[in-house]
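K.L.:
Okay, here's the structure, questions in a sec.
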């Protein structure tokens, strides 16, 4: 058997995306910021998050320009239009709200979650667990993926694990990991520990959630079509699915309003009986298609400031 496939990148980054490389934010500042969002009424906390999103959009000029470039690549008809400006504004406001909600996790109790975060498709999780091969769920930096896990943890008795990558600021990394595990209902799996932990969890019929919407290197994945352009996509999740016979399960959170969310678990993808490389390619393409379908429905809820199309096919002429 080939060496363990690489694990895909993080399921969650620093939600505000404002940290400069090399900075170390004081833990006390992080705790104070979190406390501020927790003592505010929910509507005011979310409004503050939206305002912080506006501020980050203005201050992070390079990322904002990248978000516009990506958006216009995906939707050429928006190039130079007021609609593009509105969408970029709404993207940053959305992720400002994501940050506010994450910081409020300690005060979002079971009653609040069940009232404001609806779930559909939960039967797919229990159906897969009955098969005994674990649940390998995939998502994206879309909606509030952390909220989805926190809500699902109320309905699923088994421990949920999420794959993450280390954040460069160790203080931010520890703060987010601790928050996720104490208040978000998930145990983190570090990407740099390889595929071994994931394999062991799945073989024990465990549950893993990861994301598949980040740029991969030329040797780390395949080029799947995403908004009509080849996007280098990690194949590790599809390879685990093929080798272990574990179905891939799509799970996405969508923001319905400033308060309400909907977590949707789609039909599991089939385990393809094809040669491995062909099966891995087709499964990766299917995952990418599912992600694109969600982004097309709610374009303001995806992380356009990520350089999704950075890696280009070797035979593509450079402009």
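Every number here is computed from the coordinates shown, using simple stated rules; none is lab data. The model shown is predicted, which means the values in this text are computed figures rather than measured ones. Please note: Cβ atoms are built from the backbone with ideal geometry, for glycine as well, and neighbour counts cover all protein chains shown.
K.L.:
Evaluate the distance, in nm, between pseudo-label points positioned 7 Å from the Cα of residue 31 and of residue 114 along their respective Cα→Cβ axes.
P.N.:
For residue 31 paired with residue 114, the spin-label model returns 3.3 nm.
K.L.:
Just to be sure I understand: if I project the alpha-carbon convex hull of the range 110-301 onto a plane and average over all orientations, what area do I get in nm²?
P.N.:
Its Cα hull, projected and averaged over all orientations, spans 11.1 nm².
K.L.:
Sorting 304, 112 on the 10 Å Cβ count, fewest up front, what's the list?
P.N.:
Going from sparsest to densest Cβ surroundings: 112, 304.
K.L.:
Can you tell me the length gained on complete extension of the stretch residue 298 to residue 72, counting 0.36 nm per residue apart and subtracting the Cα distance?
P.N.:
Fully extending the segment from residue 298 to residue 72 adds 79.8 nm.
K.L.:
Just for the chain, what percent of DSSP beta bridges are antiparallel, to the closest 5?
P.N.:
Antiparallel: roughly 40 percent of the beta bridges in the chain.
K.L.:
Classify the range 113-165 as rounded, prolate or oblate, taking a ≥ b ≥ c as the square roots of the eigenvalues of its Cα gyration tensor: rounded when a/c is under 1.5, otherwise prolate if a/b is larger than b/c and oblate if not.
P.N.:
Cα axes put the range 113-165 in the oblate bin.
K.L.:
Considering just Cα atoms, how many Å³ per residue does the convex hull of the range 58-163 enclose?
P.N.:
159 Å³
K.L.:
Right, another one. Dividing the alpha-carbon Rg of the range 145-194 by 2.2 N^0.38 Å yields what?
P.N.:
1.15
K.L.:
Over the range 110-301, what is the relative contact order in whole percent, taking alpha-carbon pairs under 8 Å and six or more residues apart?
P.N.:
About 29 percent, as a whole number.
K.L.:
Now for a different question. Among rounded, prolate and oblate, which fits the range 256-319 when a ≥ b ≥ c are the square roots of the eigenvalues of its C-alpha gyration tensor, a/c under 1.5 means rounded, and a/b larger than b/c means prolate?
P.N.:
oblate
K.L.:
Over the C-alpha atoms of the range 58-97, what are the Rg and the largest Cα-to-Cα span, Dmax, in Å?
P.N.:
Rg and Dmax of the range 58-97, Cα atoms, are 9.8, 28 Å.
K.L.:
If you don't mind, another one. What ratio of Cα Rg to 2.2 N^0.38 Å holds for the range 31-83?
P.N.:
Cα Rg divided by the expected 2.2 N^0.38 Å: 1.56.
K.L.:
Please work out whether the range 192-319 counts as rounded, prolate or oblate from its C-alpha gyration tensor, where a ≥ b ≥ c are the square roots of the eigenvalues and a/c under 1.5 means rounded, while otherwise a/b larger than b/c means prolate and anything else oblate?
P.N.:
oblate
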